[in-house]
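Shown next, in structure tokens, is the structure this report addresses.
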Amino acid sequence: MWGRDRVGHFLSSQGDLYKFIHDQTLRLANQGATPGEIADRLQLPAPLRTEFSARGYYGTLKHNSRAVYQFYFGWYDGNPAHLDPLPRAAAARRYVELAGGAEAMRLKAAAALDLGEYRWAAELLNHLVFFDPSDRQAREMLAGAYEQMGYQAESGTWRDSYLSGAKELREGVTEGLSMEKNMVGVLYHTGTGHFLDALATRLDYDAAGSSHHQLLLEILDDNQRFLVEIRNGVMRYRTVAEPEPSPESVPYLGLSRKLFIQLALRQVALGDLVSGDNLRVEGSMVDLVAFFRLFEPSNGDFAIVEP
């Protein structure tokens, strides 16, 4: 964009857009409106509504107003029924029973589809799919509802979500979406501390139980040493100065950053590695193997519209 006046107008309208979303979300929230109610009630003023750069081609007014609400108040909307709701599959079973069975709910959803009430149809059919994921008729009907909602969505990200849901219902979960598997080259250039932070989020606390594990980790090519500890289902680490002696009975693992990442991502097995310039092991190999087995493998192949 060129020209002082055009640039100034663009920046001004963008500022007004975000200020409007922020202030009006809080106005309605302070009147007791919930995030869903705010999202349905908010409409941009006419001058902003006709501004090309303020249209919801990427974000949406409904989406961003909910984000403002959550920033200030968190996810809870104040309704006690939403404080500890049933899991989706358990709720779905009860809703299907309430509707008089799966066939009765399918008929009600079909009527909603015929009337173009795609949001309501999706709500009904979502319960049916969570009640019985093998119900091919319900899956196809829900995919059709999502498809129509996707065609009507102005936002590209909303359209992608609707059409991705429809694709999963018809074809199943797409495999090979693990971010770590597809971004190994990036991870090789990630600081070891940042990588350890990410690794901590994969700790299986059930498997860790009440056990206490320690590991002295040295990244040989970076000359970095970390004392990694698992306790109370939590993984922590701290840097260790080079002269500091290794704690007694704590296994030691020295290796290159690349090899450590491959090991943490389970691309290589510790038992298959041979000591050498790129790998040094002291202490119990059994303890080291047990330590790394506490971390779940990365997996991005999960369902988004079914149990």
Short version: ³J(HN,Hα) in whole Hz for each residue of the range 199-208, in order, from phi by Karplus 6.51 cos²θ - 1.76 cosθ + 1.60 (θ = phi - 60°), x for Gly and Pro, what are they?
4, 4, 6, 9, 5, 7, 5, 5, 5, 5
Provide the solvent-accessible area of H212, counting protein heavy atoms only and rolling a 1.4 Å probe, rounded to the nearest 10 Å².
100 Å²
R236 neighbourhood, Cβ < 13 Å, K/R = +1, D/E = -1, net charge 0
Heavy atoms of V281: accessible area, 1.4 Å probe, square angstrom to 10:
40 Å²
Can you give me the long-range amide H partners of R280? Hydrogens built in the peptide plane at 1.01 Å from N, cutoff under 5 Å, separation of 5 or more residues or another chain.
G254, L255
Taking r as the C-beta separation of A67 and Q152 and R0 as 30 Å, the FRET efficiency to the nearest 0.05 is 0.85
Can you tell me the FRET efficiency between H22 and S298 if r is taken as the Cβ-Cβ distance and R0 is 51 Å, rounded to the nearest 0.05?
0.90
List the longest stretch of the chain that has no exposed loop site; here a site is one of the chymotrypsin sites (Phe, Trp or Tyr not before Pro) assigned by DSSP to anything other than H, G, I, E or B, with at most 16 other Cβ within 10 Å.
77-301
Ranking by accessible area, most exposed first, for M105, M141 with a 1.4 Å probe
M141, M105
In whole Hz, the Karplus estimates of ³J(HN,Hα) for the range 26-41 (6.51, -1.76, 1.60; θ = phi - 60°; x where Gly or Pro) are 5, 4, 6, 4, 6, 8, x, 6, 7, x, x, 5, 5, 4, 7, 8
Could you compute the net charge surrounding S65? Neighbours are other residues with a C-beta less than 12 Å from the C-beta of S65; K and R count +1, D and E count -1.
+1
Could you run the Karplus curve 6.51 cos²θ - 1.76 cosθ + 1.60 with θ = phi - 60° over the range 103-110 and give me ³J(HN,Hα) per residue in whole Hz, x for Gly and Pro?
5, 5, 5, 4, 5, 5, 5, 4
Cα-centre dipole for the chain with unit charges at Cβ (Lys and Arg positive, Asp and Glu negative), debye to 20:
840 debye
Among (1) 1.05; (2) 1.00; (3) 1.35, the entry matching Cα Rg over 2.2 N^0.38 Å as calculated here is (3)
To the nearest 20 Debye, how big is the dipole of the range 35-180 about its Cα centre, given +1 on the beta carbon of each Lys and Arg and -1 on that of each Asp and Glu?
240 debye
Solvent-accessible heavy-atom area per residue, rounded to whole Å², over the chain at 1.4 Å:
60 Å²
Using a probe of 1.4 angstrom, how much of the accessible area of the chain is carbon and sulfur, in percent?
53 percent
What is the Cα convex hull volume of the range 50-169 when expressed per residue in Å³?
131 Å³
Can you give the local net charge around D204? Use residues other than it whose beta-carbon is closer than 11 angstrom to its beta-carbon, Lys and Arg +1, Asp and Glu -1.
0
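The values are calculated or read from the model by the stated rules, or taken from the named source; none is laboratory data. Bear in mind that the values here come from a model prediction, so they are computed numbers and not experimental data. Backbone-built Cβ (ideal geometry, glycine too); neighbour counts: all protein chains shown. These accessible areas exclude ligands, DNA and RNA; they are computed on the full protein's heavy atoms, side chains included. Shrake-Rupley method; radii C 1.70, N 1.55, O 1.52, S 1.80 Å.
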